[in-house]
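Okay, structure first, notes after.
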Amino acid sequence: IEEAEASVASQRIEATGLLRMNVPLTFGTQFIAPLIPEFSRRHPAVKVELGLTDSRIDLIDGGWDMAVRIGRLQDSPMQARQLADSPLLVCAAPRYLDERGVPRSVADLGQHNCLGYSLASLAAGKAWPFGRNAEVRIAVNGDLVANNGEALVAAAVGGQGVIYQPQFIVAKALRSGELVALALDQPCVELGGIHVVYPPNRRPPAKVRVMIDYLVDAFSADLPWSLSPD
């Protein structure tokens with residue numbers, strides 16, 4: 001018992017052991033995984049297990065040390081720190097817009113093929129919210145619903161329809177011109193930020209603290225999905 005207590009106490013001081021971190025699939029592969037090599041160089045005694053899924057999981061039941069959450073956080077005892085904002089954008093391919101016309105208002109979206117994200121509480125398949133507080137809801141319809149944002153981007157780039165996705169997912173396609181962001185008469189809803197969350201603990205293990213500090217620092221500079229000229 002004394003040895004176990006000593007081990008737990010040391011892990012609160014020294015960054016060591018297995019760190020299990022759960023993150024959304026696209027955000028994890030594009031923006032978290034590239035950061036892990038430098039983290040491992042700085043903290044060689046920490047082994048990272050990266051769980052990639054778009055489904056919401058329970059940290060405690062799943063035995064996860066921490067997670068990245070995108071969107072509005074639900075009321076819970078979990079602690080959280082914000083990494084970045086996550087604006088939403090309505091996008092379509094130039095090919096699609098040439099064939100179907102360019103929607104100028106949110107009401108126009110009812111006449112377009114709107115591709116839905118099945119796991120979203122906000123922009124799912126049947127209605128898309130607009131206005132900063134989601135005060136405007138537009139009934140939409142489309143021939144594709146998917147549980148992954150990258151799949152929707154691929155379909156939109158192929159000219160299938162209109163998507164309503166976070167900027168970090170569509171930024172690359174916007175920069176290349178494969179997608180165009182639509183200017184409508186209502187602002188996109190405030191999705192909420194990108195947060196790191198972890199179980200309530202007055203003093204979490206050092207491995208959790210150093211990863212949180214590392215991620216906060218990594219996303220405090222220019223964001224890799226920024227659309228600003230430079």
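Checked against the criterion of being among the β-branched types (V, I, T), surrounded by 19 or more Cβ atoms within 10 Å (Cβ to Cβ) and within 17 Å of R95 (Cβ to Cβ), segment 144-155 has at least one qualifying residue. Within segment 177-199, the presence of at least one residue that is among the small types (G, A, S) and under 28 Å from D58 (Cα atoms) is confirmed. The condition of being buried (at least 20 other Cβ atoms within 10 Å of the Cβ) and at pLDDT 95 or above holds for only one of L215, L174, L184, that being L215. Which one is modelled with the highest pLDDT, of the residues in segment 68-80 that are surrounded by 13 or more Cβ atoms within 10 Å (Cβ to Cβ) and touching a Pro at 6+ places or on another chain (Cβ under 9 Å)? The extreme case among them is V68.
Only one entry in D108, D54, D65 is among the acidic types (D, E), surrounded by 14 or more Cβ atoms within 10 Å (Cβ to Cβ) and under 14 Å from the mean Cα position of the chain (by Cα), namely D54.
Report the residue count in segment 111-145 for those that are touching a Pro at 6+ places or on another chain (Cβ under 9 Å) and farther than 26 Å from P24 by Cβ. The total comes to 4. Checked against (1) closer than 23 Å to V106 by Cβ; (2) among the acidic types (D, E); (3) more than 17 Å from the chain's Cα centre (by Cα), D217 passes all but a single condition, namely (1).
The values are calculated or read from the model by the stated rules, or taken from the named source; none is laboratory data. Given the structure is predicted, the values throughout are model-derived calculations rather than measurements. Here Cβ is always computed from backbone atoms with ideal geometry, including for glycine, and neighbour counts include all displayed protein chains.
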